[in-house]
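Below you'll find the structure, written out as structure tokens, and then a few comments.
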Amino acid sequence: MKIKTLYLLLAGFALVACDKDPVTPGLGDVDPTTYISIGTNAAAGYADDALHNDAQVNSYANILNDQMNINADLTFIQPLINEGANGINLNGDAQLILGYKTDCNDTVSLSPIRIAENGNTLAWDDEFNAIDNFGVPGLKILDLDNVGFGNDALGAGNYDPYFARMASDEATSSILSDAIARNPSFFSVMLGDGDIMNFATTGGAFDPITPSAGANGVGFEGTLDAALTALTANGANGVIATIPDVLDYPYFNTIPYDGLTLDTDKVETMNAVYNPIGINFIEGDNPFTMQCDCNDPYYVRKMEPGELITLSIPLDSVKCSGMGSIYPIPDRYVLTLTEISEIQTKINEYNTIIRAQALKHDLALADLNQMYKGLNTGVLYNGINLNAEFVTGGAYSLDGRNLNPIGQALVANTFIEAINEKFNAHIPLADVTKYHGVLFP
Amino acid sequence: MAISDGSATFTVPASVEDKFPSGSFSSSLPLPQVLTLGFGIKPSENLAFALDVNYVGWNAYDTLAFDYDLNTESLEDTKSARKYENTLAFRFGAQYKLTPILAARLGMAYTLTPVQDGYVTPETPDANRINYTAGFAYDLNEHLNFDFSILYTQVKREDTNLETGLSGNFRTRVIAPGISVSYKL
């Protein structure tokens, strides 16, 4: 006997749900009604070597406010550059985008290029009042309570154009006085990287680093202490962040010290020039040549392992005009071992002070130093790999030293984790995958 | 179960299109061997019980691999570890003949998941599960019989995938109705 069976599985259905955080969101001891952000580039939303709208909207401060907005009642006012307008930096440049560039060898490749020939200088005329985000690109701590820091009547070079857009009264405001005037109910502080970066990005050639010790207006410690005392005077809770090891930025790690590749002919030429002053080259990879206070009267030597070349070096000069080979790389593009050690010492001292101040003022401590270190080895977030490689790593913007929105979301989450732990809150973490990395054309 | 000429389409910005060429791919999913031991007893003419124990050879599913016919430096074949384990499933059921042509059925099953911690994925979120089943059989005549069934199960699992770092709380609810029609010649 044959049996024929027809089996129909009727549209069986499965409902699958996946969510990260089943805990009910809550603010604990955080009152974000008037959340005020004080900080430098990352707080301001400075990326791609300019202040621009997309980076501002994705500043960690704005992301943090969005996440704290559990009751949908918060506003957070940032001194935004108009949407769709180009960005601007202190050199008058617009932001970088990834585009096609022809180098001195007529090779066309993807490279960071300016979105426009000139930055949006009209943005300098903006006037904001009663803002919540006091992030000022490049801010050094000694300028935090600098009255008239945004006063353009003082003339170019004597005031800060970013703060001029934000100051409630250009002549009498300091960043701190304007922030206190907002009567913050909660605040975030990230300071210190601005005191180091200008020294580091100019190869240690200009702009000494603010001393660690010293009273208010003299050293990092006293000035930070005074600012935190003022911010917490009305009982506000807050969070402070340690600063990253800035030397881990792709800005300092993209061009290797020994990137001078020489073939037989070139070795001969180089040795003809350099052997008489005691410097020898071999076929293959060699250290670049750099300016130094040594080897009198030639002032040139080979770079040492561990020394860093900044991304600001004119690459066409290296490729086609003999910079780093026939003539040495100027000192302002190189961090020597001494300079590197000075920077590292200062970062460690600042972070020790920041940790102690967090304890003293009973603040949450967001360990951004650790978070950025994670990028060196690579961070895996929901299938997305982020690391500190220039452009391809995704986390850093096209200037190699400021984060992309996706990196800012990681920063915001580091703040949130610290806030949740300290203030008994359940602020939901931002979904990092919703923020973009490097945009390819 | 093999797929030999699937189409792989990549939507990427123009500047990296040549690194992600659309083309075909091949892949395969193994089906596990199942060893079953079953018992049945009939305490009375109208009542029957059955117990099944399955040993399922899920360790055949070690890797989910996609072999793209066009590879580039950026587009390599993907191999994701699944590392399924062999598992057991226990099924218990009862049938009661209400009338000579109508029988009611109830059942329960406990199946152990083959998915180890660290290997849960959204494509097949799985956990140990209890299945509830019910159904009835209807013999229209000596040639034609109908079976109706329904299965319900709920799955909950929290995991962080080792390969992707995707961390989540997976909840699945399955409602699977079925009809079978048999015709005896």
| query | For the stretch A:97-114, what are the residues that are of a type in the set (V, I, T) and more than 22 Å from the chain's Cα centre (by Cα)? | reply | A:T102, A:T107, A:V108
| field | Condition broken by B:S15, with the remaining ones in (1) at positive phi; (2) within 14 Å of chain A (Cβ to nearest Cβ) satisfied | value | (1)
| field | Set A:A72, A:A50, A:A94, A:A61: member being surrounded by fewer than 15 Cβ atoms within 10 Å (Cβ to Cβ) and either more than 24 Å from the chain's Cα centre (by Cα) or not aromatic (F, W, Y) (or both) | value | A:A72
| Quick one: which strands (runs of 3 or more DSSP E) sit completely within the stretch A:351-441 and have at least 1 residues that are at pLDDT below 95, aromatic (F, W, Y) and closer than 22 Å to A:I70 by Cβ? | none
| message | Taking the conditions exactly as written (among the small types (G, A, S), in contact (Cβ under 8 Å) with a residue 24 or more places away in the chain and part of a loop (DSSP other than H, G, I, E, B)), does A:G217 satisfy them or not? | response | yes
| remark: In the stretch B:107-120, residues that are within 14 Å of chain A (Cβ to nearest Cβ) and surrounded by fewer than 18 Cβ atoms within 10 Å (Cβ to Cβ) total 1
| Residues of the stretch A:286-303 being in a strand (DSSP E or B) and more than 9 Å from A:D331 (Cβ to Cβ), which ones? | A:N286, A:T289, A:V300, A:R301, A:K302
| task | Kindly list, by first and then second residue, each pair from a residue in the stretch A:367-391 that is over 26 Å from A:I97 (Cβ atoms) to a residue that is aromatic (F, W, Y), limited to pairs with Cβ atoms under 9 Å and residues at least 6 apart or on different chains. | result | A:L368/A:F415
| Can you find a residue in the stretch A:53-61 that is touching a Ser or Thr at 6+ places or on another chain (Cβ under 9 Å) and either modelled with pLDDT under 95 or not assigned by TED's automatic domain parsing to the domain that holds A:L231 (or both)? | no
| task | Exactly one condition in (1) among the small types (G, A, S); (2) part of a strand (DSSP E or B); (3) facing chain A (nearest Cβ under 7 Å) is not met by B:G135; state its number. | result | (3)
| query | If you go through the stretch A:369-381 one residue at a time, do you hit one that is over 24 Å from A:D31 (Cβ atoms), away from every other protein chain (no Cβ under 14 Å) and among the small types (G, A, S)? | reply | no
| query | What strands (runs of 3 or more DSSP E) completely inside the stretch B:16-77 contain at least 3 residues that are hydrophobic (A, V, I, L, M, F, W, C) and over 22 Å from B:D5 (Cα atoms)? | reply | B:34-41, B:47-56
| field | Selection count, the stretch A:418-433, where residues are surrounded by fewer than 20 Cβ atoms within 10 Å (Cβ to Cβ) and within 20 Å of the chain's Cα centre (by Cα) | value | 1
| How many of the residues in the stretch A:413-435 are hydrophobic (A, V, I, L, M, F, W, C) and within 20 Å of A:D245 (Cβ to Cβ)? | 2
| query | Going by the structure shown, is B:T87 of a type outside the set (F, W, Y) and either touching a Cys at 6+ places or on another chain (Cβ under 9 Å) or at pLDDT 95 or above (or both)? | reply | yes
| request: Search the stretch A:48-65 for residues that are at positive phi and pair each with any residue that is part of a helix (DSSP H, G or I) and crowded, with 24+ Cβ neighbours inside 10 Å when their beta-carbon atoms are under 9 Å apart and the residues are at least 6 apart or on different chains. | output: A:D48/A:A55
| A:G99 away from chain B (no Cβ under 14 Å), more than 30 Å from A:G222 (Cβ to Cβ), small (G, A, S) and surrounded by 12 or more Cβ atoms within 10 Å (Cβ to Cβ) | no
| request: Kindly indicate whether A:F186 is touching a residue at least 40 places away in the same chain (Cβ under 8 Å), buried (at least 24 other Cβ atoms within 10 Å of the Cβ) and in contact with a Phe, Trp or Tyr (Cβ under 8 Å, 6 or more places away or on another chain). | output: yes
| message | I need the full set of residues from the stretch B:140-185 which are more than 9 Å from chain A (Cβ to nearest Cβ) and among the basic types (K, R), in order please. | response | B:K156, B:R157
| Only one of (1) of a type in the set (D, E, K, R); (2) more than 14 Å from chain A (Cβ to nearest Cβ); (3) under 23 Å from B:E163 (Cβ atoms) fails for B:E45. Which number is that? | (3)
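The values are calculated or read from the model by the stated rules, or taken from the named source; none is laboratory data. Keep in mind it's a predicted model, so treat the numbers as computed, not measured. All Cβ positions, glycine included, derive from the backbone under ideal geometry; neighbour counts span all protein chains shown.
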